[in-house]
Amino acid sequence: MKQYRYINTGSEEHLNFHIQSEILTKEYNALPYEATTRKREILEKLFGSIGKNATVGTNFYCDTGKNIFIGDDVIVGPNSTFIDNEKIIIGSTVLLAPNVQIYTSYHPILPEDRYIQNRDKNNPVYFNTCADPVEIKDGAWIGGGVIILAGVTVGKNSIIGAGSVVTKDIPDNCIAIGNPCKPVKFFDEIRNKQEN
C-alpha cells in the first residue's frame, strides 16, 4: 500500500512562499526580452538555486519557487508550469521545450484519504495534498507539451517525445514517448546501426 507524503499547503510558511512566487513571476513575465539582468535577479531570488547560462521563458508559473534547483546551460521554454511542493531538480545542459508541465503534487485516491476530516473551520483547505520530488538528469531533453508527474526521474541524456505523459522513471540514454511514456529506443542501438 502506498505511503502518502502529506504536505500542509495551508501553512503560513507555504502561503508566504506562494505569495512571493506570484509577485516575482508576475514581474518576471511582464519584463521585456532584453531585461536580462533583472530577470536573472528575480530567478535567483525565486529559485532554490540556478546555474550559469540558464534561461526561463515567459508565462512561467511555479507554486513556491524555493523547491526548484536548476543547473548550468539550461533552457526552460515559455508557458512552462512547475508545481513545486517538493523538489524539482534539473541538471545541466537540459532543454525543456514550450508548455512543459512538472507536477510534484498529487492527491490520494480514496475519498476518506483525500478529504481532511474534522478540519479547522478557519482553514480554507479541505483536501489533502501529497508530494514527491522530480529529477531531470544532465543532458536530458524534454519535448513540447510533456507532462512529468510526481516522483519521476528522467535519466541522463534521455529524450522525451513531445506530448508524452511521464508517469514512471525513464532510464539514461534513451528516447521515450507516449502516454504513459516508455522507452522505445536506446542510444547504443542507434550507434550500432550507424556503425554497421
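The values are calculated or read from the model by the stated rules, or taken from the named source; none is laboratory data. Predicted model, so just to flag it, every value in this text is computed and none were measured. Counting neighbours? That spans all protein chains shown, and the Cβs are built from the backbone with ideal geometry, glycine included. Just the protein is used for accessible areas: all its heavy atoms, side chains included, with ligands, DNA and RNA removed. Shrake-Rupley method; radii C 1.70, N 1.55, O 1.52, S 1.80 Å.
Some observations on this one:
- Given the choices [x] 17.7, 59; [y] 21.8, 68; [z] 18.2, 69, Rg and Dmax of the Cα atoms in Å derived from the coordinates of this structure is entry [z].
- Rounded accessible area per residue of the range 13-61, 1.4 Å, Å²: 63 Å²
- Dipole of the chain, positive direction: furthest Cα of 82, 105, 173, with charges on the beta-carbon: 173
- Theoretical ellipticity at 222 nm over the chain - DSSP helices of four or more residues, -39500 (n - 2.57) apiece, nearest 500: -6500 deg cm²/dmol
- Lysines with Cα under 16 Å of residue 193, excluding same-chain neighbours fewer than 8 positions away: 185
- With at most 10 neighbouring Cβ atoms within 10 Å, loop trypsin sites (Lys or Arg not before Pro) (DSSP) excluded, longest segment of the chain: 122-196
- Unit charges on C-beta of K, R, D, E only; dipole of the range 27-112, Debye: 200 debye
- Only Lys, Arg, Asp and Glu carry charge here, each on its Cβ (+1 for the first two, -1 for the last two); on that basis the range 1-77 has a dipole of about 160 debye about its Cα centre.
- Cα-based Lys proximity count in the range 1-148, under 20 Å, for pairs eight or more positions apart or on separate chains: 14
- Residues whose placed amide H lies under 5 Å from that of residue 77, excluding near-sequence neighbours: 57, 96, 97
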